[in-house]
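Everything on this sheet refers to the single structure shown next.
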Amino acid sequence: MDSYGILSLLPPVLTVVLAIWTRNIIVSLSLGVFSGSLILVGYNPFAATLDLIEKRVFVQIAVGSNIQIIFTMMAIGGFIRLLEVSGGAHAFARGMTRFISSPRKAQFASWASGMSIFFTDSGNALIIGPLFRPIFRELKICREKLAYILDSTASPICILIPFIGWGAYIMGLIEQAYSDAGLTESALSVLINVLPFQFYAILTLSAVLFFIITGRDFGPMGKAQQHFLSEDRHPPGQAAEPDHDPSVPPRLSLFVVPLSILLGLIGVLLAWHAMNDELTSIHVRSTMTIAYASASIACAYLMFKHQSVPMNDSLNTFIRGAESMVFVVIILILAWSLSSVIKDLGTAQVLSTLVGGNVNPALLPAIVFVLGAIISIATGSSWGTFAILMTLAVPVAVAVDAPLYMTIGAVLSGGLFGDHTSPISDTTVLASIGADCPHIDHVSTQFYYAMVTGGVAFVTFLCAGVYDSPWLILLAMAVLFMTIQFLGRRFGKNMLDTDLKATD
């Protein structure tokens, strides 16, 4: 293989710079791949275009494992769309609101509902938000707090579930990165091992619970709550409602039955493969495809039975949901193409030589976390950040002997942290809409809370680089709880007690 030296760094560096500057992941990835092709073919633009299409994009689409991932993503998108249109998730969330009698219970119920609607990050806020808005107002809890809870239980819970769209997407990136690095471990096994190192996601879900337990808000969130109590205001704006027919009362069975079939089939099929054969990546993908297709059929049948929705209409709904995954599929294909270019250029070897001589391998996860946060804040896309960094972080971690699972966890945590704090993130915008909260108010109040969680996550990655143990997450949770309690007592006020007095 030819040695391209420092030039081999151009594609990933150009991709990162363009992602931050243009805030467009597809444009950034495309130009990054093109720059690599340009170097490989001797700087001939026409030949570089042919190389990009014929040897990168077409080849990556034709790879068996890649087309399987694309097909699985389409099935997941179709099921999510059916479940949203049926109103089943809305009925489930509505059932959670029946046993609420205090501000603490209201916040806990919204947190638990957000954890339960784990199959869609974008639909989470629009399903749960409209149900809890009147409850939060009645119990005198500001909408900014509802927006924070919605945003903090959307992506953070989705990224921890291997068998939904997030998991399929991340496993696709891991499989390609592992293949390029010469590693053979299955993507599912890697993702499961990475789970305890997804520090930011776990800490964010925990932080919401800790704020509920302490009952104290500080910073802009505390001021927003005080302002709400003093003026008892209605925030401006018109929130979007769930995407089901409001004339047909949604049934809980439309959520419970399809989801039970989905999870049941996943468990049974994976167990069958494990007992009868080695549990390979193709078995995981076929299991997910069969399970989501079967759950979609069950959902369509229940919609026909209880809502008189023709099966043909349900099929069209499923197809529209599959079409919604096209943008994600394009990102995946370009990410695979960038990985192919980087491999041919020998970028990982050059980068590992530069990093290995200047950076302690134990610091690599913390560095990756910060870099992922910067890219994600600028672009508003955690998935785009994963696509950019996974192709770089895995080979470099292998080359410099850095903790591999932890480095992947840092990629996911950094991307998620940036997405959580970015004002242009789709989930941040949807949380504002779902809570009927002015967007800038949601961004400003959530930022301080996310920074506290992100700071603890960063310190945890620093410590974990030295003490490589998944049990560090428990210590990190304890530190986060003590930090929230200290900040609440030092700078905050017991908002739950205030609210209760206000409702007496």
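The values are calculated or read from the model by the stated rules, or taken from the named source; none is laboratory data. The shown structure was predicted, so the numbers you read here are calculated from the model rather than taken from an experiment. Positions of Cβ are backbone-derived with ideal geometry, glycine not excepted, and every protein chain shown enters the neighbour counts.
Note on the range 1-86: enclosed helices (runs of 4 or more DSSP H) holding 2 or more residues that are more than 27 Å from Ile377 (Cα to Cα) and of a type in the set (A, V, I, L, M) are 25-40, 45-50, 58-62, 64-86.
One residue alone among Met482, Met451 is in contact with a Ser or Thr (Cβ under 8 Å, 6 or more places away or on another chain), modelled with pLDDT of 90 or more and not basic (Lys, Arg), and that residue is Met451.
Applying the condition of being assigned to a helix (DSSP H, G or I) and crowded, with 24+ Cβ neighbours inside 10 Å to the range 429-445 and asking which residue is nearest to the chain's Cα centre (by Cα) yields Ala431. Among the criteria (1) out of contact with any Phe, Trp or Tyr (no Cβ under 8 Å at 6 or more places or on another chain); (2) closer than 27 Å to Ala147 by Cβ, the one Gln446 does not fulfil is (1). The residues of the range 54-76 that are surrounded by 18 or more Cβ atoms within 10 Å (Cβ to Cβ) and farther than 18 Å from Leu188 by Cβ, listed by number, are Arg56, Val57, Gln60, Met74. In the range 465-479, the qualifying residues are those that are under 20 Å from Ala410 (Cβ atoms) and modelled with pLDDT of 90 or more, and the one that is surrounded by the fewest Cβ atoms within 10 Å (Cβ to Cβ) is Leu474.
Taken as a whole, the condition of being crowded, with 23+ Cβ neighbours inside 10 Å, closer than 30 Å to Pro134 by Cβ and not polar (S, T, N, Q) does not apply to Asp426.
Of all residue pairs spaced 6 or more apart or on separate chains, those with beta-carbon atoms under 8 Å, a first member in the range 157-176 that is within 17 Å of Tyr405 (Cβ to Cβ) and a second member that is outside any helix (DSSP H, G or I) and among the aliphatic types (A, V, I, L, M) are Gly167/Ile161; Ile170/Ile159. Test Ser382 against the criterion of being closer than 22 Å to Ala201 by Cα and buried (at least 23 other Cβ atoms within 10 Å of the Cβ), and give yes or no. Against the criterion (closer than 22 Å to Ala201 by Cα and buried (at least 23 other Cβ atoms within 10 Å of the Cβ)), Ser382 qualifies. Go through the residues of the range 41-52 one by one and say whether even a single one is among the acidic types (Asp, Glu), free of Cβ contacts under 8 Å to residues at least 24 places away in the same chain and surrounded by 15 or more Cβ atoms within 10 Å (Cβ to Cβ). Within the range 41-52, one or more residues are among the acidic types (Asp, Glu), free of Cβ contacts under 8 Å to residues at least 24 places away in the same chain and surrounded by 15 or more Cβ atoms within 10 Å (Cβ to Cβ). Residues that are assigned to a helix (DSSP H, G or I) and within 28 Å of the chain's Cα centre (by Cα) were ranked within the range 275-284; the one that is surrounded by the fewest Cβ atoms within 10 Å (Cβ to Cβ) is Ile282. Of Val411, Val370, Val394, Val350, all but one fail to be touching a Ser or Thr at 6+ places or on another chain (Cβ under 6 Å), in a helix (DSSP H, G or I), under 20 Å from Thr15 (Cα atoms) and among the aliphatic types (A, V, I, L, M); the exception is Val350. On inspection, Met288 does not qualify as among the aliphatic types (A, V, I, L, M), modelled with pLDDT of 90 or more, surrounded by 15 or more Cβ atoms within 10 Å (Cβ to Cβ) and part of a helix (DSSP H, G or I).
Filtered by the rule that a residue be of a type in the set (Ser, Thr, Tyr) and either buried (at least 23 other Cβ atoms within 10 Å of the Cβ) or in contact with a helix residue (DSSP H, G or I) (Cβ under 6 Å, 6 or more places away or on another chain) (or both), the range 77-101 gives Ser86, Thr97.
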